[in-house]
Amino acid sequence: MLPSIGIIFLVGFNLVYADSVLELTDQDFSSRVAEQETVLVMFYAPWCGHCKKLKPEYERAAAMLEDNDPPIALAKVDCTEAGKESCNKFSVSGYPTLKIFRNGEVLKEYNGPRDAGGIVKYMKAQVGPSAKDIKTVEEFEQFISKDEVGIVGFFEKETDLKGELLKAADKLREKVRFGISTAAEVLEKQKLKDGIVLFRAKNLQNKFEDSSVTYSGSSSKADIESWVDKNYHGLVGHRTNENRADFKTPLVVAYYGVDYVKNPKGTNYWRNRILKVAREFSKDFNFAVSAKDEFQHELNEYGFDYVPSDKPLVLARDANNKKFVMKDEFSVENFEKFLNDFKNGNLEPYLKSEPVPEDNSGPVKVAVAKNFDEVVTDNGKDTLIEFYAPWCGHCKKLAPVWDELGDKMKNEEVEIVKMDASNNDVPGPYEVRGFPTLYWASKDSKSSPVRYEGGRELNDFIKYIAKSATSELKGYDRKGNPKKTEL
């Protein structure tokens, strides 16, 4: 008699892969995927850098999901060796590609987080109902004792509110844990027969805010979703790379050694001090704590190579995304003063900028953060600007062309500008996500620059400028042809 599917799953994982990830080949792909109700499959190539980066997180997620109920398997396929046919069958064109299979068939592409915790949370949301059926007080207490937010609906009978909560749960299941209870003993314990309660993550509960929030809105899916969004992270949320998009400006973030796994007590020591002050400013700002190592790239944006002490470093952004730094060492008193000054507009924004060039008379003007308005926004000319990085190979290739273009335009009402976007803050509405990034800013529409997507040879730029210039160029017609000069 064959063992159960669950035993096959565990034995296969334990004997073949100690890291809990199932290795699949063309010979066994279909049969082994069909053995599991839900499988996440990573199609990879051994030489792929992104695959190598994902591998340890993927293995850790697999180990975390081993005892999940209902079961979730994580598998991988080497597209360069024994899994070539499977990768072709499922139209894998890049690495890593992740797909979710249900009962042997592709359910959908995986578009969730790439860290272990995020993978686990995303995959748990793919199995079972969107809201757990809570039948006993013991199940209820287990549900709300986790280190993550839990939302529970308490209903004595079928109501519109229950129906709308289930719709919200279906939409938010990849982010939020939902539970539903109709058990009399659970309703009696909560003293609620037709309502919804958000229970804060156990490790984030504190004396400065209630550990639960009861919904008081209408029987509307949209209102329930809005309430969840407003209350999910509480007064001072734990901001990670996974959930960073949840935290909107104006935002105040304290960066320090946040670690709820290895040092929850130390983490909450500082968070409680932040909470103590933040509760007085909750109507003015959003607040969060973040691990300094996880967000080193943000510290760099404020000019910090590291957090100078074990105490929190407080950085902020206003509603216009301007940056502010609390310069004094963290204390409750200094933090309160910083927030008052921030609220009242008494702080000077932080601007990451190189020094303003002493001589900027060349045909290609140099913009830095401190002189950007002068060189670009208020120069009274049409402007073509390159945002580059010194280490960028494509930028180095473009440099001589850019210099030649500047020379061609030196007698025109057109400014050719370059800015090192790796060492200077780029002001809005410009967006730089790669190098080089080029923009055309008409002299009469500097608030609405247009991204340049054309060719990068000298004649490509000349033809674009000749066509786009507010006034016809002196040396070129509208098609970019040199004008004949009269003898």
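Here, each number is a calculation from the coordinates, and none is a lab measurement. Being a predicted model, the structure only gives us computed values, none of them experimental. We place every Cβ from the backbone using ideal geometry, glycine too, and count neighbours over all the protein chains shown.
Placing dummy labels 7 Å off each Cα toward the beta-carbon, the span from Glu413 to Glu472 is 1.4 nm.
Using 1/(1 + (r/R0)^6) with R0 = 56 angstrom and r between the beta carbons of Asn300 and Ser216, what's the FRET efficiency to the nearest 0.05?
Working: r = 43 Å, r/R0 = 0.76.
Efficiency at R0 = 56 Å is approximately 0.85.
Measuring against 20 Å, Cα to Cα, the residue pairs Lys52/Lys397; Lys418/Lys443; Lys365/Lys408; Lys175/Lys230; Lys162/Lys191 contain Lys52/Lys397 as the ones spanning a longer distance.
Close amide H contacts of Lys443 (hydrogens built in the peptide plane, cut-off under 5 Å, sequence separation of 5 or more or a different chain): Asp382, Thr383, Thr470. Full extension of the chain between Lys202 and Glu457 yields a length gain of 85.9 nm, computed as 0.36 nm times the residue separation minus the alpha carbon distance. Available extension along the chain between Ser93 and Lys262 is 56.9 nm, counting 0.36 nm per residue and deducting the alpha carbon span.
Each principal axis of the Cα atoms in the range 284-362 has its own extent, and those three values, largest first, are 50, 31, 21 angstrom. Packing-based ranking of 371-383, 341-353 yields 371-383, 341-353, ordered from highest to lowest mean Cβ neighbour count within 10 Å.
Projected onto the charge dipole of the range 183-278 (+1 at Lys/Arg Cβ, -1 at Asp/Glu Cβ, origin at the Cα centre), which of Ser212, Asn272, Ala184 gives the Cα projection farthest towards the positive end? Going by the charge dipole, the pick is Asn272. What separates the Cα centres of the range 331-388 and the range 86-126 is a distance of 43 Å. 3J(HN,Hα) along the range 149-164: 4, x, 10, 10, x, 10, 9, 7, 8, 5, 9, 4, 4, 5, x, 6 Hz, from the Karplus curve 6.51 cos²θ - 1.76 cosθ + 1.60 with θ = phi - 60°, whole Hz, x for Gly and Pro. The packing ranking, built from the mean of other Cβ atoms within 10 Å per residue, places the peptides 208-216, 475-483 in the order 208-216, 475-483, highest first.
When the C-alpha to C-alpha distance is required to be over 27 Å, the pairs from Lys171/Lys202; Lys146/Lys262; Lys55/Lys396; Lys283/Lys337 that qualify are Lys55/Lys396.
Two decimals is fine: what's Rg over Rh for the chain, C-alpha atoms, Kirkwood radius as Rh?
Rounded to two decimals, Rg over Rh is 1.06.
Overall form of the range 111-209: oblate. Here a/c, set by the Cα gyration tensor axes a ≥ b ≥ c, is 1.5 or more, and a/b is not larger than b/c.
When the square roots of the Cα gyration tensor eigenvalues are ordered a ≥ b ≥ c, the ratio a/c for the range 383-456 is 1.5 or more and a/b does not exceed b/c, which makes its shape oblate.
Relative to the current alpha-carbon distance between Ser361 and Lys157, full extension at 0.36 nm per residue lengthens the span by 65.7 nm. For the peptides 426-435, 51-60, the ranking by packing is 51-60, 426-435, with the highest mean count of neighbouring Cβ atoms within 10 Å listed first. For each pair in Lys76/Lys265; Lys265/Lys311; Lys99/Lys135, compute the distance between the two Cα atoms and list the pairs where it is over 26 Å. Table pairs above 26 Å Cα-Cα are Lys76/Lys265; Lys99/Lys135. Here the 3J(HN,Hα) profile of the range 109-117, calculated from phi with Karplus coefficients 6.51, -1.76 and 1.60 at θ = phi - 60°, is 5, 8, 10, x, x, 10, 9, 4, x Hz, Gly and Pro shown as x.
To the nearest 500 deg cm²/dmol, what mean residue ellipticity at 222 nm is calculated for the chain from DSSP H runs of n ≥ 4 alone, each contributing -39,500 (n - 2.57), summed and divided by the residues? Kindly include the intermediate steps, with their values, before the conclusion.
Values: 14 runs with 149 residues, N = 487.
Calculated from helices alone, the mean residue ellipticity at 222 nm is -9000 deg cm²/dmol.
Scalar couplings 3J(HN,Hα) for the range 167-175, obtained by applying the Karplus form with A = 6.51, B = -1.76, C = 1.60 to θ = phi - 60°, are 5, 5, 5, 4, 6, 9, 4, 7, 10 Hz; x denotes Gly and Pro.
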